[in-house]
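The values are calculated or read from the model by the stated rules, or taken from the named source; none is laboratory data. Predicted, not measured: the structure shown is a model, and the values here were computed from it. A quick note on method: Cβ atoms are made from the backbone with ideal geometry, for glycine too, and the neighbour counts reach across all protein chains shown. Note: accessible area is taken over every heavy atom of the protein model, side chains too, but ligands, DNA and RNA are not part of it. Shrake-Rupley method; radii C 1.70, N 1.55, O 1.52, S 1.80 Å.
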Amino acid sequence: MRNIWTIAKREYDQYFISPVAYVVAFVILLTTGVLFAINLFYYTQNAFQAFGGTPDFTPIAGTFVFLLVLSAPALTMRLISDEARMGTLELLLTAPIRDYELVIGKWLGAMLYILSLLIITLVYPIVTSRFVTPGIDWNVVLTSYLGMILVAAVFLALGTAVSAMFANQVTAFFVTLALFITLWWLIGFPANVIVGESARLFEYLDMKTHFYGALDSGIINLSDIVYYLSLIALGLFTGTAAVEMRRWK
Amino acid sequence: MIQVNGLIKDYGARRALDSITFDARQGEIVGFLGPNGAGKTTTMRILTGYMPPTAGEAIVAGYDVVEESLEVRKRVGYLPETVPLYNDMTALEYLKFMAELRRLPNAEDRAWETLELVDLDERANSYIGNFSKGMRQRVGLAQALLHRPEVIILDEPTIGLDPAQVVEVRSLIREIGKDRTVLFSTHILSEAQQICDRVLIINKGKIVAEDTPENLQSRVLGAERILLRVRGDADGLDRIIKEVKGTRKVAVKDETAVEFELSAGQDVRPQVAKAVVEAGYELLEMRPVGMSLEEIFLELTEEKPGGKRS
C-alpha cells in the first residue's frame, strides 16, 4: 500500500509540471464553467417570465464525462510508456515493488488529478443551490459525482493499461482514444439494429447507458456499479500483465 | 554473494546467454568484460530481478532471483546502462523518491548522505535535466548505493564520461567495493584490469575466460601486435619477418608496412629490426598496435580449448 502511495504521489506532482494536464484542466473547467453560467442565466430568465423549472447539475455532469472521453487519453498516455522510453522503467522494475503496485500507483496518481478537478467543480452545485429555494436535490449531485468518479476511474485504468503496452506515448494516446470512443459510442450501435438477447448484451457493454439516465439522475443500480468496477479491475489487471510481459522481452 | 549456475536466456530463437556459470564472493570486485551484445546486460538484468532467465538458477545475496525476486531487489543496487533518471526532479527529490520506494527510514537524511558520498551535495537542489553526463552518472550511482546494498551491479558505469570523471568513478567503485560485492561490466580492458579482483570475459553468451587481471594481462600481452613500416616497397618483407623466431601471424598491411604478432613472453623486436635492416630495407617505424577487443576475444576463444598458448 505504501509503495502504491509513493508512486501515486510522484505521478500526481508530475501533472502539475505537465502542460498537457493544464490544457485538460483548462478545457474541462472552461467548458463546464460556461455551461454552468448559461444554465443559471437561462433559468433565472425563465423564473422572471414565470415559466418555472429549476437549474440542476445533470448537464454539467454529462459534459464532464463527455470531455473525459476525449481528454483522459492525454492524461494516461505517458504514465508507463514514457518510463519505458526513458529507461526509468528498468529502475522501477528492479526496485522492491510489485508490478501491480506500480500499475495501481500510476492509476491512482491520475485519479487524484481528476479528483482535484472534480473538487473544483463542486462550486457549481453549491452556487446553484444558493439560487434555488429550497435548494437543489443533493442526492442527484451525489450520485452524479459517484458516476463521474467511476467513469473517470474506468477510463484511467484502461488508459494506464494501454500505456503499459506501448513505448511511444503518441501511439498510446490514439489507441486509448479509439478504445474510449468504441466503449462510449460505437459498442452500443448494434443494440439499435438487432433484436433479442444479444441486443441487450451490447446495451450493457455501452458505457454511457450506465451513466446517462442512471447515475446522473440520482439512480444507483447495482449492475451499473458492478459494470464500472469490473472495467476498472480489467484495466488494472491488463496493465499489470502488460508490465510483466515487458520483463520477458 | 552471487552464484550463477547454468544460466540460459533466449530472445525468441536467439540464444543470448548460453549456460553461464560463475560466482562472486563478498568484498570482491568482479569485472564483466565483453563486446556489445555479448550478454553482459542480459546477465545483469537477470541478477537484478528485471527479467527471468529461460533456464538455470541465480542466487543473489542468498535469495533466488526468480522465486524471491523482491528479497533480491531489496539487497541489490543496480545502475543500468541507460542511467534511469527523471529530468524534472532535483537530485535530492529523485533520491528521496527512491528511498521512499525502498522504504528506507529517514529518506531525506539518507538521500543527503548518499549525495555527499558521490560528491553532489552542493547540487542537491538542481534539476537532473541540467546535469552534465558525469553528474548524471553519479546520481545514478547514488541511487544504486542509496540503501547500502550487499551486492552492487553496475552496467558500463564509465561509458561516455570524460577522462577525469572516469578516474573519479573508478576510484568510487574501488572504495565501495571494499566491503561489498561489486559486479560491473565494461568493454574497456584496461579498466577491468585496474579495478577488478577478477575478470570474467564473456562473448556470444558464453564465458570464455575467467582470471585475475594479472594473468589476463600476460595472456593478452603475449598477443601483442607490431606494425613495421619501411621506406619504399615492402615486397618480400613478410617472408623475412616470418623467418625470425618468435613472430607469428605475419600479414602485409599495405604497400610499405607489415603487421605481425610477438609470441608470448618473447620480445624479439631487436632481432626483427636487425633482420629487416640486414635484408636491405630502410626501417622507418616499428610500433605496437593495440589489439582491438574483438581480436583479444578471438585470441582467448582460440586458446581456450587447448588451454595453452600457441
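Brief remarks on what is shown
- For the set B:K40/B:K178; B:K40/B:K133; A:K249/B:K74; B:K178/B:K206; A:K249/B:K206, the pairs lying more than 26 angstrom apart at their alpha carbons are B:K178/B:K206.
- The fraction of accessible area contributed by carbon and sulfur in the protein assembly as shown is 58 percent, rounded to a whole number (1.4 Å probe; ligands and nucleic acids excluded).
- For the stretch B:140-287, the extents of the C-alpha atoms along the principal axes are 68, 29, 27 Å, listed from largest to smallest.
- When only Cα pairs below 8 angstrom with a gap of at least 6 residues are kept, chain B shows a relative contact order of 19 percent.
- Quick note on the stretch B:115-174: its Rg to Rh ratio, both from C-alpha atoms and Rh being the Kirkwood radius, is 0.94.
- In terms of accessible area, using a 1.4 Å probe and ignoring ligands and nucleic acids, A:R2, A:R246, B:R287 rank largest first as A:R2, B:R287, A:R246.
- HN-Hα J in Hz across the stretch B:205-210 - Karplus 6.51, -1.76, 1.60, θ = phi - 60°, x for Gly and Pro: x, 10, 7, 9, 7, 9
- Cα-centred dipole magnitude for the protein assembly as shown, charges only on beta-carbon of K, R (+1) and D, E (-1), debye, nearest 20: 260 debye
- ³J(HN,Hα) computed for each position of the stretch A:38-45 - Karplus, 6.51 cos²θ - 1.76 cosθ + 1.60, integer Hz, glycine/proline x: 4, 3, 5, 4, 4, 6, 5, 4
- Where the Cα pairs of the stretch B:65-136 fall when distances are cut into 10 Å bins, in %: 18, 48, 27, 6, 0
- Just so you know, the Rg over Rh for the stretch B:128-223 is 1.00, from Cα atoms, with Rh as the Kirkwood radius.
- Structural descriptor for chain A: relative contact order 27 percent, calculated from alpha carbon pairs under 8 angstrom and at least 6 residues apart.
- Taken residue by residue and averaged, Cβ atoms of other chains lying within 10 Å of the Cβ of A:241-249 number 2.
- Equivalent ellipsoid, the stretch B:1-110 (semi-axes from 5 times Cα gyration tensor eigenvalues, Å): 28, 17, 13
- A full extension of the chain between A:F26 and A:V193 corresponds to an added length of 56.3 nm, given 0.36 nm per residue minus the alpha carbon distance.
- Under a 5 Å amide H cut-off, with hydrogens placed 1.01 Å from N, B:A16 pairs with B:K9, B:D10, B:Y11 among residues at least 5 apart or on other chains.
- Using alpha-carbon coordinates, inclination of helix A:169-184 to the longest axis of chain A, degrees: 40 degrees
- Once you reduce the stretch A:150-180 and the stretch B:7-29 to the center of their Cα atoms, the two points are 36 Å from each other.
- Shielding of B:82-91 by partner chains, average beta-carbon count, 10 Å: 4
- Positive-end residue, chain A charge dipole about Cα centroid, Cβ charges, pick of A:G135, A:A242, A:L92: A:L92
- From its DSSP helices (H runs of at least four residues, each -39,500 (n - 2.57)), chain B gives a residue-normalised ellipticity at 222 nm of -10000 deg cm²/dmol.
- If you bin all the Cα-Cα distances of chain B at 20 Å, starting from zero, the percentages per bin are 29, 46, 21, 4.
- Equivalent ellipsoid semi-axes - Cα gyration tensor, the protein assembly as shown, angstrom: 66, 24, 22
- Our coupling estimate for the stretch B:60-67, obtained by passing each phi through the Karplus curve with A = 6.51, B = -1.76, C = 1.60 and θ = phi - 60°, is 10, 6, x, 10, 6, 5, 9, 6 Hz, Gly and Pro reported as x.
- Shielding of B:100-106 by partner chains, average beta-carbon count, 10 Å: 4
- For the stretch A:17-61, applying the loop criterion from DSSP together with a ceiling of 16 other beta carbons within 10 Å to the chymotrypsin sites (Phe, Trp or Tyr not before Pro) yields A:F51.
- Residue ranking by accessible heavy-atom surface, 1.4 Å probe, largest first, among B:S126, A:S163, A:S230 comes out as A:S230, B:S126, A:S163.
- Degrees between helix B:107-117 axis and first principal axis of chain B (Cα, 0 to 90, nearest 10): 20 degrees
- Taking every alpha-carbon pair under 8 Å whose residues sit at least 6 apart, the stretch A:8-79 reaches a relative contact order of 40 percent.
- Under-5 Å amide H pairs with B:I29, H placed in peptide plane, nonlocal only: B:V182, B:D197, B:R198
- Reduced Cα scattering model of the stretch A:45-129, Debye log10 I(q)/I(0), q = 0.16, 0.18 Å⁻¹: -0.79, -0.89
- Placing A:F16, A:F211 in order of accessible area, with the largest value first and a 1.4 Å probe, yields A:F16, A:F211.
- Per residue accessible area in Å² of chain A, where ligands, DNA and RNA are left out and the probe is 1.4 Å: 46 Å²
- Compactness relative to 2.2 N^0.38 Å, alpha carbon Rg of the stretch A:169-228: 1.28
- Measuring with a 1.4 angstrom probe and ignoring ligands and nucleic acids, B:R138 comes out at about 40 Å² accessible.
- Normalised Debye scattering of chain A at q = 0.08, 0.09, 0.11, 0.16 Å⁻¹ gives log10 I(q)/I(0) of -0.35, -0.44, -0.63, -1.15, counting only Cα atoms as equal scatterers and leaving out solvent.
- Residue-normalised convex hull volume from the C-alpha trace of the stretch A:1-95: 118 Å³ per residue.
- For B:E210, the residues whose amide H sits under 5 Å from its own are B:I201, ignoring neighbours fewer than 5 places away on the same chain, with H placed 1.01 Å from N.
- Surface accessible to a 1.4 Å probe, A:R10 within the full protein complex, Å²: 20 Å²
- Using heavy atoms of the protein chains and a probe of 1.4 Å, the accessible area assigned to A:V170 is about 80 Å².
- Annotation: lysines with alpha-carbon distance below 19 angstrom to B:K242 (same-chain offsets under eight excluded): B:K253, B:K274.
- Kirkwood Rh and Cα Rg combined as Rg/Rh, the stretch A:103-192: 1.10
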